[in-house]
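Since the structure comes first, as structure tokens, the remarks are kept for the end.
The values are calculated or read from the model by the stated rules, or taken from the named source; none is laboratory data. If you're wondering where the values come from, they're calculated on a predicted model, not measured in any experiment. So basically every Cβ, Gly included, is an ideal-geometry build from the backbone, and we count neighbours across all protein chains shown.
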Amino acid sequence: MRLGRRFDMAIEVTLEDAEWMVGLAGLSGVDSVERLAGGWDNTNLRLELSDGTRLVLKLWQAQSSIEDVESVIQRHIWIDEHEIPTTVPLMLETGARYAERDGVAWTLLPYFEAGHLGSDAASLSSLGEIMARMHQAPSADCFPSEYRMGQELFERMFALAEERNDWSPFPGMLRGESEALRESIPAGLPQGILHGDLFPDNVLGSEGEVAAILDLEEAWVGPCAFDLVMAYVGFGWEDNEPVEERWQALLSGYQSVRSLTEDEWSALPDLHRYATLSIAAWRYWKHVMAQPDADLADRYLEMVERLDVPLPFLEART
């Protein structure tokens, strides 16, 4: 079943709406509904119940179909079963983990008091360790083999640019970069379950420990080292300058569980470039091509500026 793709529209949720949803979980008494910070597509709201219980109500307006939502939920269940900390939607009295309303899937999730994971050494070491353990979990059919924010998205952008006859500088540059990366990133790198978007708003933690990995919408099966460098893209820079100590913390935690191979070490610079371009492309696609927004149209440039910054420590085997 196709859902309405309404990620450009704010969805207002009243107390009555929230009461309907928690009622499906056998609960009642919603005192407050508060929008949570973070996230660019789906809506996350904190619910406070009269007995003090807190839950997260997630509205999946960015997902294109019920099948897509089900697949993402299955990814969370899968990694939870393999002892990777995450959030799994509550089972409703209907026997499903979601309800559909006005063409959008709704889920209830446990609320974590922890905030977004910090960029201190202990936190990043913990993230590296959790990441490596996830990469070693067995795969499952709910994880695709293509990365939605990578070459798949690039091709959609090129097709739209061709259709509009609008090859502005970034899509043109991206086309050349993507072709070069197809050639330079070797096939046969060790594969695993990847998160694909390890930025601070997708990881909860406190006191130097990861509490939960969130939002597996971009998860896929791909080269393990890609996730490691994507986490560095998300956590490793300060004022758009690379912080080597953050890389060393991520790497130390990761290699305490799984050591990089020689081929992976050699591929790190190109994988980091691919990760950086993927974030730039997603921002350009969303804010310039798909949903033009003058206030956010230049967000992609943050990533473009990083492409010329040397990162010698990515090649220093430790």
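The residue of the stretch 198-228 that is surrounded by the fewest Cβ atoms within 10 Å (Cβ to Cβ), among those that are within 17 Å of residue 121 (Cα to Cα) and in contact with a Ser or Thr (Cβ under 8 Å, 6 or more places away or on another chain), is 208. Does residue 108 satisfy the condition of being touching a Gly at 6+ places or on another chain (Cβ under 8 Å), outside any loop (DSSP other than H, G, I, E, B) and of a type outside the set (D, E, K, R)? The answer is no for residue 108. Is there any pair with a first residue in the stretch 278-305 that is more than 17 Å from residue 237 (Cβ to Cβ) and a second that is outside any helix (DSSP H, G or I) and basic (Lys, Arg) whose Cβ atoms are under 8 Å apart and which are 6 or more apart or on different chains, and what are they? The qualifying pairs are 287/299.
Each residue in the stretch 69-105 was checked for being assigned to a helix (DSSP H, G or I) and either β-branched (Val, Ile, Thr) or at pLDDT below 95 (or both), and 5 pass.
Confirm whether residue 231 is surrounded by 14 or more Cβ atoms within 10 Å (Cβ to Cβ), out of contact with any strand residue (DSSP E or B) (no Cβ under 7 Å at 6 or more places or on another chain) and more than 20 Å from residue 190 (Cβ to Cβ). When the stated conditions are applied, residue 231 does not pass them. What number goes with the only condition from (1) surrounded by fewer than 17 Cβ atoms within 10 Å (Cβ to Cβ); (2) within 25 Å of residue 225 (Cβ to Cβ); (3) among the aliphatic types (A, V, I, L, M) that residue 127 does not pass? So the condition that residue 127 fails would be (1).
Among the residues of the stretch 120-157, those identified as farther than 21 Å from residue 191 by Cβ, touching a residue at least 40 places away in the same chain (Cβ under 8 Å) and over 17 Å from the mean Cα position of the chain (by Cα) are 120, 121, 122, 123, 125, 126, 156, 157.
Out of everything in the stretch 179-197 that is more than 18 Å from residue 257 (Cα to Cα) and touching a residue at least 60 places away in the same chain (Cβ under 8 Å), what residue ends up being surrounded by the fewest Cβ atoms within 10 Å (Cβ to Cβ)? Only one residue fits best here, namely 188. For the stretch 9-26, the set of residues classified as touching a Leu at 6+ places or on another chain (Cβ under 8 Å) and modelled with pLDDT of 95 or more consists of 18, 21, 22, 24, 25, listed by residue number.
Taking the criterion of being at pLDDT 95 or above, closer than 25 Å to residue 222 by Cα and in contact with a Phe, Trp or Tyr (Cβ under 7 Å, 6 or more places away or on another chain), would at least one residue in the stretch 159-170 satisfy it? Checking the stretch 159-170: not a single residue is at pLDDT 95 or above, closer than 25 Å to residue 222 by Cα and in contact with a Phe, Trp or Tyr (Cβ under 7 Å, 6 or more places away or on another chain). When residue 309 is tested against (1) touching a Cys at 6+ places or on another chain (Cβ under 8 Å); (2) part of a loop (DSSP other than H, G, I, E, B), exactly one condition is not met: (1). Within the stretch 196-225, the residues that satisfy the criterion of being of a type in the set (D, E, K, R) and more than 15 Å from the chain's Cα centre (by Cα) are 207, 209.
Name the pairs: first residue in the stretch 236-261 and closer than 16 Å to residue 226 by Cβ, second residue assigned to a strand (DSSP E or B), Cβ to Cβ under 7 Å, at least 6 apart or on different chains? Close Cβ pairs satisfying both conditions: 236/242.
Taken over the stretch 240-266, residues that are modelled with pLDDT of 95 or more and either surrounded by 22 or more Cβ atoms within 10 Å (Cβ to Cβ) or under 21 Å from the mean Cα position of the chain (by Cα) (or both) amount to 8.
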